[in-house]
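Just below is one structure, and these are the notes that go with it.
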Amino acid sequence: MFRSEPVFAQLDDRPMAHCATLTALADGTLLCAWFGGSYETAPDVAILAARRAPGAPGWSSPQVIAAVPGRSLGQPVFLPRPDGTLWLFFDVIMGVDWTSAVPHWQHSRDGGITWDPPAPLMETLGLMFRSKPLVLPGRIILPAYDERTWQSLMLISDDDGRSWRRTAPLVSPAGNIHPCVVPLSDGRLLAYLRTGGAGGVIWRAESADGGESWTEPEPTALPNPNSGIDLIRLASGRLALAFNDSDRLRTPLCVALAGEDECWRWKRTIEDGHAEYSYPTLLQTGATIHLVYTARREHIHAAHFDEAWLLEGEVSRELAYQGRHRPAADAV
């Protein structure tokens, strides 16, 4: 099963669109958000959203859900809560670029239709988001990074968001950002990290104490052109990774599948044109895996498929598709 469609066409008044995120509401509605405006960091950039109700023929028209007059916004991520409240985290640029961004959040009690005014989460310059939060029993882990140092870190709350603390940074030679965190079956947490520098590979780290501390990041053999990735654990227990299969270009955009051994044996190409297809976000609802991503910096595109479709993809024994552990020569 595979289908694909744009979430919206390019907007005349906000021609740039980037950095999509996705969540599912209690009734099955998909809610997609991104930042859009004249250009990245322009003072008219706001957070926009569109929704797709179950059975609807398409996505709703984009609507602004967060804006600060004269300030550029970016990096939205959702967190639905058990009481039906929806949280939205994002950044507000206080100066001219992302190094002056301050993390904010706001709340909705009607599925993202109306929102409380945005408020600073922390008064910390350069602290930014990209990946979805992970909820553990009694704990929320909000992956974050420092734009000034290019070091990933986690924000942890053990009191349902009333207070947050920062972990020690995850440090690698060329820098890393955009940590994506998933739980493993033995209780460990696995993080994949976007590389810094001119391009290279995805990095990885583990935590054995609920995200409090992390192993020193080590390189995988998966390529990364200094661009966004996403990693989720599927209901089957397998891992799904959305990434650009290049160490220099933000194309092609692929989704790969692995077990917890991180041997990425199966891969499907979603986009391979000579343009930017980047910043993927994955979400599974039921048997369907959803993917949203930046398309040419003009609009957000969505694809929908299932695990069986991924398993019918290319079977790879190449080093380029290995994570930490290389499989035996006869592995399939």
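The values are calculated or read from the model by the stated rules, or taken from the named source; none is laboratory data. Quick caveat: nothing in here was measured; it's all calculated off a predicted structure. In this analysis, Cβ positions are derived from the backbone assuming ideal geometry, glycine residues included, and neighbour counts consider all displayed protein chains. For accessibility, only protein heavy atoms count, side chains too; no ligands or nucleic acids. Shrake-Rupley method; radii C 1.70, N 1.55, O 1.52, S 1.80 Å.
Any idea which of (1) open to solvent by less than 10 Å² (accessible area, probe 1.4 Å); (2) within 20 Å of PRO69 (Cα to Cα); (3) assigned to a loop (DSSP other than H, G, I, E, B) is the one TRP115 doesn't satisfy?
Every listed condition holds for TRP115 apart from (1).
Only residues that are within 22 Å of the chain's Cα centre (by Cα) and either modelled with pLDDT under 95 or open to solvent by 60 Å² or more (accessible area, probe 1.4 Å) (or both): list them for the range 118-132, please.
Passing the criteria: PRO120, LEU125.
Taking TYR293, is it in contact with a Gly (Cβ under 9 Å, 6 or more places away or on another chain), surrounded by 18 or more Cβ atoms within 10 Å (Cβ to Cβ) and modelled with pLDDT of 95 or more?
yes
Need at least 2 residues that are hydrophobic (A, V, I, L, M, F, W, C) and in contact with a Lys or Arg (Cβ under 8 Å, 6 or more places away or on another chain) per element, so show me which strands (runs of 3 or more DSSP E) inside the range 241-287 make the cut, counting only ones lying wholly within it.
Correct list: 253-258.
Can we say GLY36 is in a loop (DSSP other than H, G, I, E, B) and either basic (Lys, Arg) or out of contact with any helix residue (DSSP H, G or I) (no Cβ under 7 Å at 6 or more places or on another chain) (or both)?
no
How many residues, within the range 168-196, are open to solvent by 10 Å² or more (accessible area, probe 1.4 Å) and within 24 Å of GLN106 (Cβ to Cβ)?
1
Do the conditions hold for SER131, that is, is it in a loop (DSSP other than H, G, I, E, B) and under 18 Å from TYR192 (Cα atoms)?
Criteria met by SER131.
Limited to the range 247-280, what total is found for residues that are touching a residue at least 24 places away in the same chain (Cβ under 8 Å) and closer than 16 Å to THR294 by Cβ?
Count: 14.
For ASP91, state whether it is in a strand (DSSP E or B) and of a type outside the set (A, V, I, L, M, F, W, C).
It is true that ASP91 is in a strand (DSSP E or B) and of a type outside the set (A, V, I, L, M, F, W, C).
So, in the range 15-39, of the ones that are in contact (Cβ under 8 Å) with a residue 40 or more places away in the chain and more than 26 Å from LEU134 (Cβ to Cβ), which residue ends up most open to solvent (accessible area, probe 1.4 Å)?
Step by step, filter the range 15-39, then rank; the result is PRO15.
Could you please find all residues in the range 61-81 being within 22 Å of the chain's Cα centre (by Cα) and not in a strand (DSSP E or B)?
Listed by number, the residues that qualify are PRO62, ALA67, ARG81.
Every residue in the range 134-170 that is part of a strand (DSSP E or B), without any contact (Cβ under 8 Å) to a residue 40 or more places away in the chain and of a type in the set (Ser, Thr, Tyr), please.
TYR145, SER157
Would a scan of the range 112-123 turn up a residue that is in contact (Cβ under 8 Å) with a residue 40 or more places away in the chain, on the phi > 0 side of the Ramachandran plot and not acidic (Asp, Glu)?
Yes: one or more hits.
What's the number of the only condition in (1) closer than 22 Å to LEU311 by Cβ; (2) open to solvent by less than 20 Å² (accessible area, probe 1.4 Å) that TRP266 fails to meet?
Unmet for TRP266, out of (1) closer than 22 Å to LEU311 by Cβ; (2) open to solvent by less than 20 Å² (accessible area, probe 1.4 Å): (2).
Take the residues in the range 197-207 that are without any contact (Cβ under 8 Å) to a residue 60 or more places away in the chain and over 19 Å from LEU155 (Cβ atoms), then tell me which one is surrounded by the most Cβ atoms within 10 Å (Cβ to Cβ).
Checking each candidate, the answer is TRP203.
Limited to the range 140-158, what total is found for residues that are more than 16 Å from ARG204 (Cβ to Cβ) and open to solvent by 40 Å² or more (accessible area, probe 1.4 Å)?
The qualifying residues number 4.
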